[in-house]
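Engineer: Structure below; questions to follow.
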Amino acid sequence: MNCGCADVVTPGLLDLLDARARMIAAAKPVSGQQRLALGEAAGRVLAEDAVARLDLPGVDNSAMDGYALRLADLERVAAAGEGLSVALRVPAGAGVLRLPEGDCARIFTGAPVPLGAEAVVPQERTRVDPRGHVHVLGEVAAGANIRRRGEEAGTGDRVLAAGTRLTPAAIALLASHGIAEVLVRPRLTVALISTGDELIEPGSPRVPGQVYNSNVAMLRALLVQQQCRVLDLGIVDDTAPALHEAFIVARDSADLVICTGGVSVGEEDHVRPVLERLGGIDFHGVAMKPGKPFAFGWLGTSAERGTPLIGLPGNPVASLVGWQYLALPFVHGRQGRTPAPLQHFPVKAGFSRRGSRGRRELLRVVLDWTGGTPVASLAGGQGSHMLGAASQAHGYLMIDADTHVEEGNAHGFCPVAQFLD
Ligand code: AMP
Ligand code: MG
């Protein structure tokens, strides 16, 4: 399969996982914080620990619709072949009542367990006789189906750590603690620069040789997903002065600059020399396929004080992979998020394929689960310019450098879902 790029070995490339670790180490959170209503905070990053202000649950309550009872009462009536009479009806929202000796209480999910009751028996495990007395089928353990006060969290417990992204479940958790406002990290402003004289924006007619700018559409969508503000500085001419000017604007208006294209080593590639002139380079070139021409550096006097810049490759799939493996953890670090380890697990290849010389290859694959355990097959053409496979893939099969894929052998599989969070 032709990927559109020669399989040449470039010396001095950084290992993908080392590059990722370097991006994470370099990511310093932007300063500032913002207080938001919980309803506005989905997707944002907590700036401080969220602490329980009350016990959760606030009272011992029933986990089922059923009957609350004392075990000794149950034992006594059962021995006589009789049932328990129902003295109370306790719906959710009722106060805390006391269970009279020798009786049981009709109770509903979430209702406070009456004082004295030791267990709740689900209604499916009971029989009510014509006198209205309740008989229990099977054994009942002490504490069964009672959710204890404070069992989820006690007052003062940390329920979410600073650096957590507020997923819908995290928002619900805070709401369940009665928390209506949260302190979050500020949104990042990310400047996007597209380089390439061949590029035009979708919507305009194309003449042969022109290429629609898909990278900016993709990166905008990815950045919005990460709650970033996007400053699109458009398509910049493939000249050093034009890029120089765009980098200065980006440096002065963003928390992070991402450019695509022009980051290789041809004489039409101006990112590296201009970056060296306006700041510096941390590393350039990663032993991955696609995604080799990846650059990381800064615009300004030093890495600590400058505006970080990520140079993604022009080829769209290389750009996507560079974002997922390297740029995204950096964005998370800038947002003050706790970095997540890369998720991968072994999956068998359902195909054979020649390996890549000197670079770890990230094959875009789909998983077939019909046999019970997953088997990976290629999601389509593997060229770094071919977005079709990338748009269908469930993840990447990571093939070590200089390793051939043999059908039936397992390789590390990285689900793409981890990059959407
Ligand atoms: P470059 O990295 O500038 O050498 O570009 C490598 C390949 O990616 C070329 O085929 C470019 O036309 C293509 N390319 C560069 N930028 C973009 C973009 N923003 N959207 C789609 N394709 C691009
Ligand atoms: Mg170019």
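Engineer: Restricting the search to region 214-229, which residues are in a helix (DSSP H, G or I) and open to solvent by less than 50 Å² (accessible area, probe 1.4 Å)?
Structural biologist: Ser214, Asn215, Val216, Met218, Leu219, Leu222, Leu223
Engineer: Among the residues of region 246-273 satisfying the criterion of being part of a loop (DSSP other than H, G, I, E, B) and away from ligand 1 (no atom under 16 Å from the Cβ), which is least open to solvent (accessible area, probe 1.4 Å)?
Structural biologist: Of everything passing the filter in region 246-273, Ala254 is least open to solvent (accessible area, probe 1.4 Å).
Engineer: Given (1) under 28 Å from the mean Cα position of the chain (by Cα); (2) open to solvent by 30 Å² or more (accessible area, probe 1.4 Å); (3) closer than 30 Å to Leu219 by Cα, identify the lone condition not met by Val184.
Structural biologist: (2)
Engineer: Let me ask something else. Suppose we filter Leu420, Leu387 for residues that are open to solvent by 70 Å² or more (accessible area, probe 1.4 Å) and within 24 Å of the chain's Cα centre (by Cα); which single one remains?
Structural biologist: Leu420
Engineer: Of all residues in region 279-312, how many are out of contact with any Lys or Arg (no Cβ under 7 Å at 6 or more places or on another chain) and either within 16 Å of ligand 1 (Cβ to nearest atom) or in a helix (DSSP H, G or I) (or both)?
Structural biologist: Final tally of qualifying residues: 9.
Engineer: Name the single residue, out of those in region 196-213 being surrounded by fewer than 12 Cβ atoms within 10 Å (Cβ to Cβ) and within 26 Å of Glu267 (Cβ to Cβ), that is nearest to ligand 1 (Cβ to nearest atom).
Structural biologist: Going through the qualifying residues, I end up with Gly209.
Engineer: Just the residues that are in contact with a helix residue (DSSP H, G or I) (Cβ under 8 Å, 6 or more places away or on another chain) and within 16 Å of ligand 2 (Cβ to nearest atom), please, taken from region 248-275.
Structural biologist: Hits for region 248-275 are Ile258, Cys259, Thr260, Gly261, Gly262, Val263, Val265, His270, Val271, Pro273, Val274, Leu275.
Engineer: From Asp232, Asp197, which residue is among the acidic types (Asp, Glu), assigned to a strand (DSSP E or B) and touching a residue at least 40 places away in the same chain (Cβ under 8 Å)?
Structural biologist: So the residue among Asp232, Asp197 that is among the acidic types (Asp, Glu), assigned to a strand (DSSP E or B) and touching a residue at least 40 places away in the same chain (Cβ under 8 Å) is Asp232.
Engineer: Still on this structure, please answer the following. Residues Leu243, Leu166: which one is of a type in the set (A, V, I, L, M, F, W, C), open to solvent by less than 20 Å² (accessible area, probe 1.4 Å) and more than 16 Å from ligand 1 (Cβ to nearest atom)?
Structural biologist: Result of the check over Leu243, Leu166: Leu166.
The values are calculated or read from the model by the stated rules, or taken from the named source; none is laboratory data. Every value quoted in this text rests on a predicted model; they were computed, and no experiment measured them. So basically every Cβ, Gly included, is an ideal-geometry build from the backbone, and we count neighbours across all protein chains shown. Ligands, DNA and RNA are excluded from the accessible area calculation, which covers all protein heavy atoms including side chains. Shrake-Rupley method; radii C 1.70, N 1.55, O 1.52, S 1.80 Å.
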